[in-house]
Amino acid sequence: MKNINLIYLYLSGITATIIVLYFVAKSSPDTSPLPNMKAPSGDITGQQMPQDKIHKGLENPVAQKPSKRNVLPSIMQHMQQLKKAVEEHPGDTVKLREYADFLLDAQMSDQALGYYQKILNINPRRIDIMSSLVFIYFSQSKLDEAAIYLNKILSLDKNNVDALYNLGAVSANKGNRVKARKLWTKIITDFPKSPLAQKAKESIRQL
């Protein structure tokens, strides 16, 4: 998986305050406890389709999602191969992750959710998988669900700066600015050299 730093903007409530949700994608072994995110490119609101090999064959990239009718045959064949591999090896978390990531890239997030959950059922300490779920739920405006998994990440790694920052973003978008400020202040105080320390300062100014 390519190293990716993606920053997504989310408009909060009536005030239209811009709150940043931060994700980092890295390749890692299946047992890694580190935060990893394979997130789709493009606008989190879904108004613009990512320009990648999955979506290249779409006739109307803004209005349509990948399907047998509008996706290149090679892409559809690859998806079927991934699905078959998962069906033949349901306990293989590497294959499950590959298929779930493919579905997420293809904007089939509801389907991807089920496969990410299967991985967590096998290994409930997979922070990378929880981060993927956070991305999906946040993009669907299901902030309570996103917060649940961010708190689970922090229960495994209390110093996970990405999770601290993202929980602040979720809290701010839920209207809990006091909690958001507290989380972001913790990053500034405890992790001043983190790349997110400056971003936390900027986000506090937006509250």
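Annotation: of all residues in region 69-96 being basic (Lys, Arg) and out of contact with any Phe, Trp or Tyr (no Cβ under 8 Å at 6 or more places or on another chain), the one that is nearest to Pro124 (Cα to Cα) is Lys95. Being hydroxyl-bearing (Ser, Thr, Tyr), under 28 Å from Tyr165 (Cβ atoms) and either crowded, with 21+ Cβ neighbours inside 10 Å or in contact with a helix residue (DSSP H, G or I) (Cβ under 7 Å, 6 or more places away or on another chain) (or both) is a description that applies to Tyr115. Of all the criteria given as (1) closer than 20 Å to Ser139 by Cα; (2) surrounded by fewer than 16 Cβ atoms within 10 Å (Cβ to Cβ); (3) in contact with a Lys or Arg (Cβ under 7 Å, 6 or more places away or on another chain), the one not satisfied by Ser171 is (2). On inspection, Gln64 does not qualify as surrounded by fewer than 16 Cβ atoms within 10 Å (Cβ to Cβ), in a helix (DSSP H, G or I), at pLDDT below 95 and more than 16 Å from the chain's Cα centre (by Cα). Taking region 144-207 as the region of interest, the helices (runs of 4 or more DSSP H) fully inside it that hold 3 or more residues being more than 20 Å from Leu120 (Cα to Cα) and within 19 Å of the chain's Cα centre (by Cα) are 161-173, 195-206.
Could you give every pair whose Cβ atoms fall below 6 Å, whose first residue belongs to region 100-112 and is free of Cβ contacts under 8 Å to residues at least 40 places away in the same chain and within 18 Å of Leu72 (Cα to Cα), and whose second residue is among the hydrophobic types (A, V, I, L, M, F, W, C) and buried (at least 21 other Cβ atoms within 10 Å of the Cβ), counting only separations of at least 6 or pairs across chains? Going by the 6 Å Cβ cut-off, the qualifying pairs are Leu103/Ala112.
When region 129-156 is filtered for residues that are surrounded by fewer than 17 Cβ atoms within 10 Å (Cβ to Cβ) and touching a Pro at 6+ places or on another chain (Cβ under 8 Å), only Leu156 remains. Checking Leu96, Leu82 one by one, the residue that is buried (at least 21 other Cβ atoms within 10 Å of the Cβ), modelled with pLDDT of 95 or more and either more than 15 Å from the chain's Cα centre (by Cα) or assigned to a loop (DSSP other than H, G, I, E, B) (or both) is Leu96 and no other.
The values are calculated or read from the model by the stated rules, or taken from the named source; none is laboratory data. Since we're looking at a predicted model, the values are computed, not measured. No Cβ is skipped: glycine too gets one built from the backbone with ideal geometry, and neighbour counts run over all protein chains shown.
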